[in-house]
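Below is a structure I'd like to ask you about.
Read-outs throughout are calculated quantities, based only on the coordinates presented, and are distinct from any laboratory measurement. In this text, all values refer to a predicted model and were calculated from it rather than measured experimentally. We place every Cβ from the backbone using ideal geometry, glycine too, and count neighbours over all the protein chains shown.
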Amino acid sequence: MWHVELRKLVDTRVGVALVVAGALLAGVFGGGAVLIRDGQAFGDIARMAAVPGATLVPVLTILLVTAERTHHTALSTYLLVPQRGRVVVAKALASGTLGLAVVLLSLVAGAIITPIAGLLTGQSIAWQMAWPEFGLFAAGVMLSAVSGWALGLGVSHAPAAIVVVLIWPMVASIISTIGDTAAEVVRWLDLASVTTLVDDHSLLAWARVGVGIIVWIGIPAAVGCWRTLTREVD
Amino acid sequence: MIEFKEVTKRYGDVVAVDRVSFIAPPGHITGFLGPNGAGKTTTLKVLLGLAAASSGEALIDGTPYRDWESPARTIGGMLTADAFHPGRSGRESLILACQLLRLPRSRADEVIDEVGLSRREGRSRVGTYSLGMRQRLALGQALLGDPSVLVCDEPTNGLDPQGQRWLADLLTARAAQGCTVLLSSHQLTDVERIADRVVILAGGRLVVADTVAALREAHGDLADYYFHCTVGADRTPIEKVA
């Protein structure tokens, strides 16, 4: 039933608007990568093209979860599928799939923009990709998508969850400037620390990623699952 | 058959439903009556697995709703007209339900026709629907699996007189085909006209569960009996004694 949940992500006006905005911005950001800096490669363009989608993905996955309560669709959903755990898992799978789709879309955008930008700017844009870096970036996008699902479940309030997701990067950046200790704390809390694994394979680096996953996915998902499975549907 | 066995539902210290037992047999419409706050919707939520009973059990053909593998293919539940995403079309909402129930998409169109929505209305967003149209859509979802058990909570809300007559005919036809129909309603005359059995709840407790014929024979007018046996359990303001 994950495909039904995937369909729910894009079959409303808000869903369609966010997907269209993400696709357009992917082109703008991918193209912008070439204009802003010389010597960009296919991998750089694809990664820039993924930025808008990666930002919007957790918003969509939050809405996928919270809409059940906001619009009382849970009554319909759980009448059709009373095994609530299956619905929760299906939403998680759909969220991860959406993250993967954004990554694949960014590769397509990169493949389209690279030759066109080369012709328009006269630059020679290499078809190079640092796959380990991009792989970790993709993992970060998928984790971000799943964290939207978890926050939606845990917070159960779309505006609050969306605000948390969108302002966290700014908050993390501000906290990091306070001092070394604060910056270290942020490194332990930030899901984006998954990208550091490209250079740092230490146990400490993996531990940081694990803590980030526990904080952003594990804890809210556990709270949300418990509530979803036990709460009266209204 | 629907069977409630000593069902109790508590919210903290408040007892919303208190040891309610009754059956709704197949091939009959069972009217489920009671004032606001009597516990009807809570009872139906327990039946349909949307709320857990504090004690007792509610069974459909001997099995709790949540233990059915795909209950909505056998049991049609309609609790509210407002369980659809307003940004999604009515048809899309039913197609999603068809996918969950592993039914062909064409079933959504069949049901849209059956509940009296036009194809154009089916393609419109639910947010643009009137209450009556949303009731029809909710009934449509309940009918998707061509169920042998139908549970409806105040389905006539927002329906015009023609819609109410259409609904009464639909439920009567379903019962004639052997379907178990449990109909919660505030429309006493409609229930008296189409139901074979009546269950009255007041203050969370069962007041009576019997056939309409037996109640008429014993008490005369069903509406008068309803007001008599629910007195003090409704929200009618109590006149101040001078």
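Sorted from largest down, give the three principal axis spans of the alpha carbons of segment A:2-230, whole angstrom values.
Computed over segment A:2-230, the largest-to-smallest principal extents equal 60, 43, 26 Å.
Under the Karplus relation 6.51 cos²θ - 1.76 cosθ + 1.60, θ = phi - 60°, what is the ordered set of whole-Hz ³J(HN,Hα) values for segment A:171-184, x standing for Gly and Pro?
4, 4, 5, 5, 4, 4, 7, 5, x, 5, 5, 4, 4, 5
Could you derive backbone 3J(HN,Hα) for segment B:211-226 from the dihedral phi with the Karplus parameters 6.51, -1.76 and 1.60 (θ = phi - 60°), listing whole Hz in sequence and x where the residue is Gly or Pro?
Values, residue by residue: 7, 4, 4, 5, 5, 5, 5, 7, 10, x, 6, 5, 4, 4, 5, 4 Hz.
Excluding residues fewer than 8 places away in the same chain, name every one of the aspartates and glutamates whose C-alpha is closer than 18 Å to that of A:K8.
Partners within reach: A:E68, B:D82, B:E92.
Sticking with this structure for a sec: State the answer as a single residue: which of A:F29, B:A218, B:S55 lies farthest towards the positive end of the charge dipole of the protein assembly as shown, with beta carbon charges of +1 for Lys and Arg and -1 for Asp and Glu, about the Cα centre.
Value computed over the given set: A:F29.
Over all distinct Cα pairs, what is the inverse of the mean 1/r for segment B:1-74, reported as the Kirkwood hydrodynamic radius in Å?
Hydrodynamic radius (Kirkwood, Cα pairs) of segment B:1-74 is 12.7 Å.
Could I ask something else about it? Which net charge results for the neighbourhood of B:D113, defined as the other residues with beta-carbon distances under 15 angstrom from its beta-carbon, given Lys and Arg at +1 and Asp and Glu at -1?
Summing Lys/Arg as +1 and Asp/Glu as -1 gives +2.
I've got another one for you. How shielded is B:39-50 by partner chains, expressed as the average number of their Cβ atoms within 10 Å of its Cβ atoms?
For this peptide, the per-residue mean of nearby foreign Cβ atoms is 2.
How tilted is helix A:42-70 with respect to the longest principal axis of chain A? Cα atoms for both, answer in degrees (0 to 90, nearest 10).
Once rounded, one gets 10 degrees.
In nm, what is the difference between 0.36 nm times the number of residues separating A:V185 and A:L166 and their Cα-Cα distance?
4.9 nm
Still on this structure, please answer the following. Under the rule that an exposed site lies in a DSSP loop and has at most 16 other Cβ atoms within 10 Å, name the longest stretch of chain B with no GluC sites (Glu not before Pro) of that kind, not counting the sites themselves.
With a cap of 16 other Cβ atoms within 10 Å, the longest stretch comes to B:70-238.
Taking amide H positions as placed in the peptide plane 1.01 Å from N, state which residues far from B:S89 in sequence (5 or more) or on other chains have amide H under 5 Å from it.
Counting only residues 5 or more places away or on other chains, the set is B:V126.
While we're here: Could you work out which residue, out of A:A17, A:A139, A:A92, moves most in a Gaussian network model of chain A, that is, has the largest mean-square fluctuation with Cα springs under 10 Å?
Fluctuation is largest for A:A17.
Would you please give the residues with an amide H less than 5 Å from that of B:A202, counting only those at least 5 places away or on a separate chain, with H modeled from the backbone geometry?
Here B:V207 satisfy the definition.
For every other residue with a beta carbon closer than 14 angstrom to the beta carbon of B:T8, add +1 if it is Lys or Arg and -1 if Asp or Glu, then tell me the sum.
Net charge around B:T8: +2.
Please give the direction-averaged projected area of the C-alpha convex hull for the protein assembly as shown, in square nanometres with one decimal.
On the way: hull surface 120.8 nm².
In nm², the orientation-averaged hull projection of the protein assembly as shown is 30.2.
Let me ask something else. Helix B:131-143 against the longest principal axis of chain B: what's the angle in degrees, Cα atoms only, rounded to the nearest 10?
Helix B:131-143 and the main axis of chain B meet at about 80 degrees.
Can you tell me the dipole magnitude for chain A around its Cα centre, using point charges on the Cβ only (Lys, Arg +1; Asp, Glu -1), in Debye to the nearest 20?
With Lys and Arg at +1 and Asp and Glu at -1, about 660 debye.
Taking amide H positions as placed in the peptide plane 1.01 Å from N, state which residues far from B:F32 in sequence (5 or more) or on other chains have amide H under 5 Å from it.
Counting only residues 5 or more places away or on other chains, the set is B:L183, B:S184, B:S185, B:V199.
Residue by residue through segment A:98-110, which ³J(HN,Hα) values in whole Hz follow from phi under the Karplus form 6.51 cos²θ - 1.76 cosθ + 1.60 (θ = phi - 60°), with glycine and proline marked x?
My calculation for segment A:98-110 gives 5, x, 5, 5, 5, 5, 5, 4, 5, 5, 5, 4, x Hz in order.
Still on this structure, please answer the following. What is the list of residues in segment A:202-231 whose amide nitrogen lies under 17 Å from a point 7 angstrom out from the Cα of A:L100, following Cα to Cβ?
Those under the cut-off are none; the list is empty.
State the Cα centre-to-centre distance between segment B:6-66 and segment A:202-220 in whole Å.
Here the answer is 45 Å between Cα centres.
Now, a different point. How charged is the neighbourhood of A:V211? Take every other residue with its Cβ under 11 Å from the Cβ of A:V211, and add Lys/Arg as +1 and Asp/Glu as -1.
Neighbourhood net charge equals +1.
Sticking with this structure for a sec: With equal scatterers on the alpha carbons only and no solvent term, can you work out the Debye log10 of I(q)/I(0) for chain B at 0.09, 0.11, 0.12 1/Å?
-0.39, -0.58, -0.69
Continuing with this model, one more query. Can you find, among B:T156, B:Q135, B:L171, the residue farthest towards the positive end of the dipole of chain B? Put +1 on the C-beta of Lys and Arg, -1 on that of Asp and Glu.
Farthest towards the positive pole: B:Q135.
Something else now. Using a 10 Å cut-off around each Cβ of peptide B:55-66, what is the average number of partner chain Cβ atoms that fall inside?
1
To the nearest 10 degrees, how steep is helix A:203-213 against the longest Cα principal axis of chain A, on a 0 to 90 scale?
50
Which one, A:G152, A:G135, A:V233, projects farthest toward the positive side of the charge dipole computed for segment A:127-234 from Cβ point charges (K/R +1, D/E -1)?
So the residue furthest toward the plus end is A:V233.
Based on alpha-carbon centroids, what's the gap between segment B:154-176 and segment A:1-74 in Å, whole number please?
Comparing the Cα centres of segment B:154-176 and segment A:1-74, I get a distance of 44 Å.
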